[in-house]
Each structure stands twice: as C-alpha cells, then as structure tokens.
C-alpha cells in the first residue's frame, strides 16, 4: 500500500473564498482535494456539480477526488471527468451495474473508486476488487458534514484491508466522515490509506494551515 494521504473536502470550505482556501490547504501539504457531489435524491442535500470541479481544476494541480452521492451515476461520469476529476468514486447502493460503471470510469483514464455506506456489508464489493483503484468507506451516513465518526467503521476498514491483501490488490482504502485529529491515527492503524477531512480542516480553530499540519503529523 502507498503512503498515507490527506484529502481536503471542500464541503466545509467557505465557497466565497474557495480558491484561497484550496491554495492554503495545498501549501500546508494536503495531497488531494475532495469534492462531494449530492443530488438531493440519493441523499437529501444538493451540493456541487461539474462547474465546481472545473473551478477547482483552475486553481490547483492536486488530484481532484470527486465523490458522487447520486442515483444512477453513469449519467454523470463523463461530465465530471471532462471537468477535471482524477478520481471518481461511486456508490454500490446507487449503481444497477457497478462493474460497467467502474469500467467506464477507467476507460476515460480516470481512477475508479467504489463507495459503501455504513450499513452496507463489505462483502457486497468483493466481486469488483479487480477493477477498483480505491475503496471509499463512509464512516458517517452521507448527506452532511460535521457528523461524528462511527466507531464500528474501524472493523469494516480492517476487513476490507484484509480482503484486498488476500488478492494482492493495490487499491487504496479511503475513509470519509468525522475524521479528525483525535481519531485519524486509529483509522490509519485499521488499514486506511487516504483520509478525507472537511470540518477538521476548513472549520478548525487551528486555522487551515495548522490543521493540515497537525493531521499530517498524526499520520507519521
């Protein structure tokens, strides 16, 4: 598995100063920029579309880690890749043909990830491990930032880590939801490789720069 990476979720950023906040996070050392896309159907909230991904692409060369929390994501794959996504993750719960959708993402030169909600069994995704670059474990129920990390996610992360190792997969495990300075080390120890942080970066009392530095230090 690769070194540990920090993905800054702009869901908690001040969108009126998005470019500045992305730049500050980048200078502090984040590895990816995470964009949460919600359609108001798969989850109750409506958030960002391809235009926000395009805006992020104009202000950073960091990988754009785009998480589609939408029904039937096959309709939107090409739009988000054309907007600048480097990694596109889609939910097992939202895809009638998950293998076809993952293959479509990869066919466009984009990394493909599969996402599972807290109440979805890890066994549901084993059959597509051969075509995923990333497994995203939701450690809160998707729909809003600022929720608390669900502790039973640690065993799920460990199980997926074991399952990937058993087939010598190079896929990374990403964790999204309630990641903060207090729990990031235990999430790492469970087998995670990539850590999505929203509130813990963009709304930290430490400020963006010091928050990123502290999270990165906790991973060393």
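Every number here is computed from the coordinates shown, using simple stated rules; none is lab data. Note that this is a predicted model, so its numbers are computed, not measured. When we count neighbours, we look across all protein chains shown, and the Cβ atoms used for this are built from the backbone with ideal geometry, even at glycine.
Return the distance in nm (one decimal) between the two label points of a simple spin-label model at residue 162 and residue 121, each offset 7 Å from Cα along Cα→Cβ.
Between residue 162 and residue 121, the simple spin-label model gives 1.5 nm.
Working out 0.36 nm times the residue gap between residue 185 and residue 54, then minus their Cα-Cα distance, what length gain in nm do you get to one decimal? Walk me through the numbers on the way to the answer.
Values: separation 131, 0.36 × 131 = 47.16 nm, distance 3.26 nm.
So the extension gain works out to 43.9 nm.
Hey, rough spin-label estimate for residue 72 and residue 217, points 7 angstrom out along Cα→Cβ, what's it come to in nanometres?
5.0 nm
Show log10 I(q)/I(0) for region 5-218 at q = 0.08, 0.15 Å⁻¹, two decimals, from a solvent-free Debye sum over equal Cα scatterers.
Log10 of I(q)/I(0), two decimals: -0.24, -0.90.
If R0 is 22 Å, what FRET efficiency do you get for residue 92 and residue 170 from their C-beta distance, rounded to 0.05?
On the way: r = 20 Å, r/R0 = 0.91.
Step by step, r from the Cβ atoms, then E = 0.65.
Hey, quick one: spin label on residue 147, modelled 7 Å out along Cα-Cβ, who in region 91-129 has an amide N within reach, i.e. under 13 Å?
Only 116-120 pass the distance filter.
Most mobile of 177, 84, 40 per a Gaussian network model of the chain (Cα springs, under 10 Å)?
Greatest mean-square fluctuation among the candidates belongs to 40.
At 7 Å along Cα-to-Cβ for each site, give me the label-to-label distance between residue 108 and residue 45 in nm.
For the pair residue 108/residue 45, the computed spacing is 2.4 nm.
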